[in-house]
1. How much FRET efficiency would the formula 1/(1 + (r/R0)^6) give for Ser76 and Arg52, where r is the Cβ-Cβ distance and R0 is 25 Å, rounded to 0.05?
2. Per-residue HN-Hα couplings for segment 32-42, Karplus 6.51 cos²θ - 1.76 cosθ + 1.60 at θ = phi - 60°, whole Hz, x for Gly and Pro?
3. Keeping all protein chains in place and using 1.4 angstrom, which order do Glu18, Glu26 fall into by accessible surface area, from largest down?
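The values are calculated or read from the model by the stated rules, or taken from the named source; none is laboratory data. Everything quoted here is computed from the prediction, not taken from an experiment. Reconstructed Cβ throughout: ideal geometry from the backbone, glycine too, with neighbour counts over all protein chains shown. Surface areas here come from the heavy atoms of the whole protein model, side chains and all, with no ligands, DNA or RNA. Shrake-Rupley method; radii C 1.70, N 1.55, O 1.52, S 1.80 Å.
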Amino acid sequence: MTGEASDRTGTAPLLRVERGAPDDEELAALATVVAGLASAASSAATESPARRSRWSDPASRLRLPSRPGRGAWRWSAYPA
């Protein structure tokens, strides 16, 4: 397997079987796992940091005092 692929493309193979003789399904499963891991690593590096929830954001604790008026006690429980 490795000799044929490297002769056709002129580059070293991405995966090489050291021992045993895996069948096509086993090689496909291995290639899928390696591609998935590479994809996850690249997307994690380019992702923006996770956004903080409004409930855990310290800025939500800094709010204006509630104003007296109709239903003020009810609105005092809502985040600003």
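1. The pair Ser76/Arg52 has a calculated efficiency of 0.60.
2. 5, 5, 5, 5, x, 5, 5, 5, 5, 5, 6
3. Reading off the accessible areas and sorting them downward yields Glu18, Glu26.
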